[in-house]
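Read the structure below first, then the notes.
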Amino acid sequence: MFGEKVIELLKEAERNSDTIDLYNDEKIRQIIQEMHILFKMNMDDANATTENKSLWTTVQVRHSALERNKRCLLAYLYNRMNKIKTLRWEFGSVLPPDVRELLSDSEYEWFSKYSTNLASYMRSLGEDIGYSGIDLTENLRPPKSLYIEVLCVTDYGKLELEDGDVIMLKKNSRHYLPTEECQTLIRQGVLKQII
Amino acid sequence: MANSNYLSISDILVTNEKVPCKFLLDLPKMGFLDPSATENDLKAGTNIEIPLWLAESLYTRRPPLVSVDLPKIYKETYREILNADSCTVDMHKLGQHFYELGCYIAKHDIKGEVSSTLLNTFRQRFKMILSASVSTDSINSVQPLSMSERKRTEAAVVTERALSSWLKIGDCPLTTANMVANHRKRKRAEMELL
C-alpha cells in the first residue's frame, strides 16, 4: 500500500507533540526512494498510454500517491520547523548539546539564521527613541515585584549580577534576586520561583 | 488542492482513515490494492476499502475513478443509535476521528443526514467533555472520547487549573518554559531506562 512509511513518520512526530525528536534521516530517505520508483513507473506507463489507453487510470492513482507523500513530508518538516522556532524562544540562542544533536544539519543552520535574525530585530527595536533594543524573550508576564525569592534546581555555577556581585548557584540554595536577572534562568529551568 | 490544512499532521491522520469505495474503471497493475485479488489488474466494479486521501483524489478526477460509500459508523443503523443517545457510544473504538472524517464524508451522503447527525452527536456529547474535564477519575471518563474530544478535554483541564490557581493565589508565578520542562522529563525517563 502507498504512503504507509510516511504515516509512521508522522505518527511518531505526533506522539511527542511537546518535544522534538531525532530527525529521522533513514526513513525520509526510504520515502524519497519510494517516490522515485513511483515516478519512474509513471513515466514508463505514461509513455505507453498511446497504445494502451487504460493505463491512464493507473498513472492517476500513482500520481495521487506521489502528491500524498509530498504533502506528508512537507508537513513533517514544517511541524519540526515550528518546534525549532519554539526552541529558540524557550532555550535561548545556545542549545544544550543533547537537544542540538536531535536536529539535522540543515535544521541547525536554519536555527542559527533564525536566531541571528531575531537578535538583530530585537536590537533594532526602539532605536529611533534612544533605546538600544528590547529583549522580547524577557518579561513574558508582567513583573509583580522587583525582587523574587528563587530556589536553585541544578548546579549552575557562578552568576554575575548587574551590580557586579557574583553569586554561586548551587543545587538547593535559596536566593533573593532581582526579577529581571533571574527570569531567563527560570524559563530555562535552572531556578524555580518560591511563592 | 484547495486545502487550508495542507500542513496539518492531524488532518493527514484523518485522511488516512479507510473508506469503502467502488471502482468505476479498470486499473491495470493495481491488483495489490485489493488484498483478496489474485490478478494483476483491478477490475471495474470492485469494492474495497482505500484511504480517504486516495478516494478523494480519485473521486475528483474527470471522469471519476471511484464512487465513495459511507463507512459503517455513518450508515443508517449507526445514525439511529447516535441520534438516540450518542453518549453510550465508545468513540475511541468506533471512530477516533468521528467529526473530522464526517465532515469529509458528508458530501458523499445523498440524503444529507450525516451532517445533522454530526451536529446532534456533538451537542449530546458536549456534556461528556465537560464532565470529563472536571472529573477526578480521568482515565475512565476520557476513555470513550474521540481524538478531538480528548484534545478539548485536555485544554479544558489546563484552563480550569490555571483559573483556580489564579483565584487562590492571585498571582501567576514565573515557570519553566514548556518545551524545556518536557525535554528534561524525557531525559530523566531515558536515564532511568539505562
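Test A:Leu10 against the stated conditions and say whether it is assigned to a helix (DSSP H, G or I) and in contact with a Leu (Cβ under 9 Å, 6 or more places away or on another chain). In short, yes. Looking for whichever is in contact (Cβ under 8 Å) with a residue 40 or more places away in the chain and farther than 30 Å from B:Glu190 by Cβ here; the options are A:Phe2, A:Phe39. Which one fits? Just a single option satisfies the conditions, and that option is A:Phe2.
For the range B:126-145, the criterion of being in a helix (DSSP H, G or I), crowded, with 16+ Cβ neighbours inside 10 Å and of a type in the set (D, E, K, R) is satisfied by no residue at all.
Inspect all residues belonging to the range B:22-33 and state whether any of them is more than 7 Å from every other protein chain (Cβ to nearest Cβ), within 17 Å of the chain's Cα centre (by Cα) and surrounded by 14 or more Cβ atoms within 10 Å (Cβ to Cβ). No, the range B:22-33 contains no residue that is more than 7 Å from every other protein chain (Cβ to nearest Cβ), within 17 Å of the chain's Cα centre (by Cα) and surrounded by 14 or more Cβ atoms within 10 Å (Cβ to Cβ).
Of all residues in the range B:54-66, none are at the interface with another protein chain (Cβ under 9 Å from one of its Cβ atoms), crowded, with 18+ Cβ neighbours inside 10 Å and in contact with a Phe, Trp or Tyr (Cβ under 6 Å, 6 or more places away or on another chain).
Give the residue that is nearest to B:Leu13 (Cα to Cα), with candidates limited to residues of the range B:123-172 that are among the β-branched types (Val, Ile, Thr) and touching a residue at least 24 places away in the same chain (Cβ under 8 Å).
Initially, the range B:123-172 is screened for residues among the β-branched types (Val, Ile, Thr), giving B:129, B:134, B:136, B:139, B:142, B:153, B:157-159, B:169.
Then keep just the ones that are touching a residue at least 24 places away in the same chain (Cβ under 8 Å); that gives B:129, B:134, B:153, B:157.
On the way: B:Ile129: 22, B:Val134: 28, B:Thr153: 20, B:Val157: 25 Å.
Once the filter is applied, the top-ranked residue is B:Thr153.
Within the range B:67-83, the only residue that satisfies the criterion of being surrounded by 17 or more Cβ atoms within 10 Å (Cβ to Cβ), among the charged types (D, E, K, R) and assigned to a helix (DSSP H, G or I) is B:Arg79.
None of A:Ile84, A:Ile28 is closer than 19 Å to B:Leu7 by Cα and away from chain B (no Cβ under 14 Å) except A:Ile28. Restricted to the range A:43-72, and to residues there that are more than 8 Å from chain B (Cβ to nearest Cβ) and of a type in the set (Val, Ile, Thr), the residue that is surrounded by the fewest Cβ atoms within 10 Å (Cβ to Cβ) is A:Thr50. Residues in the range B:155-187 that are loosely packed, with under 10 Cβ neighbours inside 10 Å and within 14 Å of another protein chain (Cβ to nearest Cβ) were compared, and the one that is modelled with the lowest pLDDT is B:Gly170. Evaluated against (1) within 27 Å of A:Lys53 (Cβ to Cβ); (2) more than 14 Å from chain A (Cβ to nearest Cβ), B:Asp41 falls short on exactly one condition, (2). Among the residues examined, A:Asp98 qualifies as surrounded by fewer than 18 Cβ atoms within 10 Å (Cβ to Cβ) and at the interface with another protein chain (Cβ under 9 Å from one of its Cβ atoms). A:Leu102 - would you say it is in contact (Cβ under 8 Å) with a residue 12 or more places away in the chain, among the hydrophobic types (A, V, I, L, M, F, W, C) and within 30 Å of A:Lys171 (Cβ to Cβ)? So A:Leu102 passes the test. Within this structure, A:Ile195 fails the test of being part of a helix (DSSP H, G or I) and not charged (D, E, K, R).
The values are calculated or read from the model by the stated rules, or taken from the named source; none is laboratory data. Keep in mind that what you see is a predicted model, and the values were worked out from it rather than measured. Here Cβ is always computed from backbone atoms with ideal geometry, including for glycine, and neighbour counts include all displayed protein chains.
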